[in-house]
Amino acid sequence: MPHPFRWQPGDGQRHATRKPRPRGGFPVDAQIETLCGKQITADNSDVAWLWTTCPECNRFAHELTGTPIAPCSPVPPTG
């Protein structure tokens, strides 16, 4: 069963929304209401998907799915 939300980058973070995603994704510059209550402007660039996740959207997404938030682990150094 699909989750009752979807992730969408915008305004410098990855946010979650309950808004149905159109076929092909949200158009760039679409205004989307998020789980944290913000209105964001969609950004579908490759880099945008690497942005950090909005902590409030993450919390709401975990509540909706009934799953605990895993503790953060440090990022291992490279090189």
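Can you name every residue in region 1-10 that is open to solvent by 40 Å² or more (accessible area, probe 1.4 Å) and in a loop (DSSP other than H, G, I, E, B)? Reasoning before the result, please.
As a first pass, look at region 1-10 and keep what is open to solvent by 40 Å² or more (accessible area, probe 1.4 Å): 1-4, 6-7.
Passing the criteria: Met1, Pro2, His3, Pro4.
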| request: Check off (1) of a type in the set (A, V, I, L, M, F, W, C); (2) out of contact with any Pro (no Cβ under 6 Å at 6 or more places or on another chain); (3) within 16 Å of Phe5 (Cβ to Cβ) for Leu64 and give me the number that stays unchecked. | output: (2)
| Long-range neighbours under 9 Å by Cβ, at least six apart or interchain, first residue under 11 Å from Thr53 (Cβ atoms) and without any contact (Cβ under 8 Å) to a residue 60 or more places away in the chain within region 1-19, second among the β-branched types (Val, Ile, Thr) and open to solvent by 20 Å² or more (accessible area, probe 1.4 Å) | Trp7/Thr53; Pro9/Val47; Gln13/Thr52; Gln13/Thr53; Arg14/Thr52; Arg14/Thr53; His15/Thr53; Ala16/Thr53
| task | Confirm whether Thr41 is of a type in the set (S, T, N, Q), at pLDDT 95 or above and open to solvent by less than 70 Å² (accessible area, probe 1.4 Å). | result | yes
| note | Taking region 11-38 and the residues there that are in a strand (DSSP E or B) and within 17 Å of Thr65 (Cβ to Cβ), the one that is most open to solvent (accessible area, probe 1.4 Å) would be Arg14
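For region 46-57, how many residues are part of a helix (DSSP H, G or I) and either touching a Cys at 6+ places or on another chain (Cβ under 6 Å) or over 15 Å from Gly10 (Cβ atoms) (or both)?
Restricting attention to region 46-57, the residues satisfying the condition of being part of a helix (DSSP H, G or I) are 48-50, 55-57.
Applying the additional criterion that residues be either touching a Cys at 6+ places or on another chain (Cβ under 6 Å) or over 15 Å from Gly10 (Cβ atoms) (or both) yields 55-57.
Within region 46-57, residues that are part of a helix (DSSP H, G or I) and either touching a Cys at 6+ places or on another chain (Cβ under 6 Å) or over 15 Å from Gly10 (Cβ atoms) (or both) number 3.
The values are calculated or read from the model by the stated rules, or taken from the named source; none is laboratory data. Predicted, not measured: the structure shown is a model, and the values here were computed from it. Don't worry about glycine lacking a Cβ; one is built from the backbone with ideal geometry, like all the others, and counts go over all protein chains shown. Heads up: the accessible areas ignore ligands, DNA and RNA and are worked out on the full protein's heavy atoms, side chains in. Shrake-Rupley method; radii C 1.70, N 1.55, O 1.52, S 1.80 Å.
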